[in-house]
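Data first, discussion second: the structure below is written as structure tokens.
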Amino acid sequence: MPRIDTDIKLDFKDVLVRPKRSTLKSRSEVDLMRSFIFRNSTKTYNGLPVMAANMDTVGTFEMAKALASHSLFTCIHKHYSVDEWKAFAAENPSTLKNLAVSAGTSQTDVVKLAQIVKAVPAIDYICLDVANGYSELFVQHVKTVREMFPEHTIMAGNVVTGEMVEELILAGADIIKVGIGPGSVCTTRKKAGVGYPQLSAVLECADAAHGLGGHIISDGGCTCPGDVVKAFGAGADYVMLGGMLAGHDQSGGETIERNGKKLKLFYGMSSSTAMTKHAGGVAEYRASEGKTVEVTYRGDVNGTVLDILGGLRSACTYVGAGKLKELSRRTTFIRVTQQTNNIFGNSS
Ligand code: 5GP
């Protein structure tokens, strides 16, 4: 008989962070930098662990340049050619420590990954990304890539439960991407009925990963800086953003002008837009599990980054965390039925 798990699982919208007495005098005292030593690669990371998603429209070289200037990270999408990588690396050597090269599981992806890593030896991170990280084939893929690249730090996902986090770490991954269904342009929950509320997924997966000396990325579902705070509060080591970084000068996707308003196209990586662009259409056996939206043009991404970092610093002062590292230890979530007062609408 099918089983029902009646434990309550929560999303970002279901909680707020309770303030705590604090000795911090100013937000400027808060240190958002983190350093990690990875379990399998044994490499060290130093940076501000907010990252751009490996989507066409967000994980661009332009985004990497802007984000690296704030010590943020970018998972570069997998559609740049080896020559484009070489040219970028030659011109922007200082950004390379803050980015990852992405690949799926296909043979073509693996061949290209090997070519890029060979052409740009300063790349330390590989992001292995599939919509469903639960298949035995994916675990095998992580093992193969670990053997091919014993010294690279490997990110792998996506999953949402502790046992699969453990399996991928034991297969050789260092950082596990957590999130199925929460994304702004994701339709998996509607098409497949599969998913897991993101805050609970992060709480449970962080616990599993940290128990083994691994790390996690909370991937998807952040709609505002407060959600980024909640993901870190729940134990995420990194927070990955798609929609919050869309619509900027540095984002990919065409700019459209309609009725005097500037808009930019943003689409999921398994939307029909992406599949038509990269794979010549949606294969008949699969439904597109992503959508295409037009977002308001938002100018330079630097303003958005400062807004996110400002929110993080503010949260740290509210709970008395002098460092981002201390945020989850000082976080108590309270369940709520309402987040904001929307009498004047719910835009910022
Ligand atoms: P966001 O920050 O926009 O809420 O979520 C970004 C994340 O959504 C990405 O990092 C990725 O994990 C996920 N995503 C991107 N495109 C698609 C898609 O087409 N379908 C699904 N199911 N998820 C997607």
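Taking amide H as placed 1.01 Å from N in the peptide plane, the amide H of Ile216 sits under 5 Å from that of Ile176, Asp237, Tyr238, each at least 5 places away or on another chain. Only helices enter the 222 nm calculation for the chain: every DSSP H run of n ≥ 4 contributes -39,500 (n - 2.57), and dividing by all residues gives -9000 deg cm²/dmol, rounded to 500.
Calculated accessible area for the chain comes out at 47 Å² per residue, all protein chains present (probe 1.4 Å; ligands, DNA, RNA ignored). For the chain, the share of accessible area belonging to carbon and sulfur comes to 51 percent (1.4 Å probe, ligands and nucleic acids excluded). The figure for Ile8 is an accessible area of roughly 110 square angstrom, using a 1.4 Å probe on the protein chains alone. Pull out a ≥ b ≥ c, the square roots of the eigenvalues of the alpha-carbon gyration tensor of region 199-339, then state rounded if a/c is under 1.5, prolate if not and a/b is larger than b/c, and oblate in the remaining case. Verdict is oblate for region 199-339. Can you tell which of Ala234, Thr304, Gly268 lies farthest toward the positive end of the dipole of region 208-348, using +1 and -1 charges on the Cβ of basic and acidic side chains (Lys, Arg; Asp, Glu)? It is Ala234, whose Cα lies furthest towards the positive end. Rounded, prolate or oblate: which fits region 210-280, taking a ≥ b ≥ c as square roots of the Cα gyration tensor eigenvalues, rounded meaning a/c under 1.5, else prolate when a/b beats b/c? Cα axes put region 210-280 in the oblate bin. Using a/c under 1.5 as the rounded threshold, could you call the chain rounded, prolate or oblate? The axes a ≥ b ≥ c are square roots of the C-alpha gyration tensor eigenvalues, and prolate needs a/b larger than b/c, oblate otherwise. Cα axes put the chain in the rounded bin.
Taking 7 Å steps out from each Cα toward its Cβ at Arg189 and Lys43 produces label points 3.4 nm apart. Once backbone amide H atoms are built at 1.01 Å from N, Asp11 has Leu199 as its partners under 5 Å, excluding neighbours fewer than 5 places away on the same chain. Per-residue SASA remark: His70, around 40 Å² accessible (1.4 Å probe; ligands, DNA and RNA not included). Amide H contacts of Asn158: Val130, Asn132, Gly133, each under 5 Å away and 5 or more positions distant or on a separate chain (H built 1.01 Å from N in the peptide plane; Pro and chain starts excluded). Working note: Karplus 6.51/-1.76/1.60 with θ = phi - 60° gives region 62-70 the couplings 4, 5, 4, 5, 5, 5, 4, 5, 10 Hz, where Gly and Pro are set to x. This model, with +1 at the C-beta of Lys and Arg and -1 at the C-beta of Asp and Glu, gives the chain a dipole about its Cα centre of some 900 debye.
The values are calculated or read from the model by the stated rules, or taken from the named source; none is laboratory data. Not measured: the values here are computed from a predicted model. FYI the Cβ positions are ideal-geometry reconstructions off the backbone, even for glycines, and counts take in every protein chain you see. Just so you know, the surface numbers come from the protein's heavy atoms only, side chains and all, with ligands and any DNA or RNA stripped out. Shrake-Rupley method; radii C 1.70, N 1.55, O 1.52, S 1.80 Å.
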